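Please treat every number below as a calculation from the coordinates, not as lab data. Everything quoted here is computed from the prediction, not taken from an experiment. Cβ atoms come from the backbone with ideal geometry, glycine included; neighbour counts cover every protein chain shown.
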Amino acid sequence: MPPTVVPSIGALKSLVGQKLGVSEWVTVTQQQINSFADATGDHQWIHVDVERAKRESPFKQPIAHGYLTISLAPVLLPQVVRVEGVRMAVNYGLESMRLPAPVPSGARVRMSAEMKDVRDMPGGGARVTFGMVFEVEGGAKPACIADAIYVYYP
């Protein structure tokens, strides 16, 4: 599915309250999980010790870090929405994030997004809040639900 194309920063407000679409599926590999653990220093066994996770984890395999899941947003959001006439876009932070279900190693994940709010910024920019839902293929509940804020600069 092609991304929703927004022709300008000024046109963002017309999409408030609308679902924007769904990304492609991406696989979260054990190598990604291990690399994320190395980058963050979070080497908790439920993420990186495959054999122990098989034996002791209630998930029976390693799971991705919750912050790894939300870190997929910069890759997946452009598959859902593209804003034209932008010089730069920056991640401003999160309003909220919940992790209702795990992302098992090797699982496929995709993200859907809706535009929740747009605020004007000085100089013609906009602060946009996206409601994001990350789902695991075949999962009963979302893996991550977040309201993420991006700032777009003309």
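Here are a few things to note about the model shown:
- Residues of segment 65-76 classified as buried (at least 18 other Cβ atoms within 10 Å of the Cβ) and either without any contact (Cβ under 8 Å) to a residue 60 or more places away in the chain or among the charged types (D, E, K, R) (or both), total: 3
- Of all residues in segment 1-44, those that are aromatic (Phe, Trp, Tyr) and either part of a loop (DSSP other than H, G, I, E, B) or more than 17 Å from VAL109 (Cβ to Cβ) (or both) total 1.
- Of all residues in segment 118-132, those that are assigned to a strand (DSSP E or B) and either of a type in the set (Ser, Thr, Tyr) or surrounded by fewer than 17 Cβ atoms within 10 Å (Cβ to Cβ) (or both) total 4.
- When LYS13 is tested against (1) within 30 Å of ARG119 (Cβ to Cβ); (2) free of Cβ contacts under 8 Å to residues at least 60 places away in the same chain, just one condition goes unmet, and that condition is (2).
- Tabulated pairs, segment 86-97, first among the basic types (Lys, Arg), second surrounded by 11 or more Cβ atoms within 10 Å (Cβ to Cβ), C-beta under 9 angstrom, 6+ apart or interchain: ARG87/TYR152; ARG87/TYR153; ARG87/PRO154
- LEU68 vs. criteria hydrophobic (A, V, I, L, M, F, W, C), in a helix (DSSP H, G or I) and within 20 Å of ILE33 (Cβ to Cβ): yes
- Condition met for ALA53 (within 20 Å of GLY138 (Cβ to Cβ), part of a helix (DSSP H, G or I) and either out of contact with any Cys (no Cβ under 8 Å at 6 or more places or on another chain) or of a type in the set (S, T, N, Q) (or both)): yes
- Search result, residues across segment 54-64 that are closer than 19 Å to PHE36 by Cα and surrounded by fewer than 22 Cβ atoms within 10 Å (Cβ to Cβ): GLN61
- Considering residues of segment 1-32 that are farther than 19 Å from THR129 by Cβ and in contact with a Leu (Cβ under 9 Å, 6 or more places away or on another chain) only, the residue surrounded by the most Cβ atoms within 10 Å (Cβ to Cβ): VAL28
- Within segment 107-154, being without any contact (Cβ under 8 Å) to a residue 24 or more places away in the chain and of a type in the set (Gly, Ala, Ser) holds for GLY131, GLY138.
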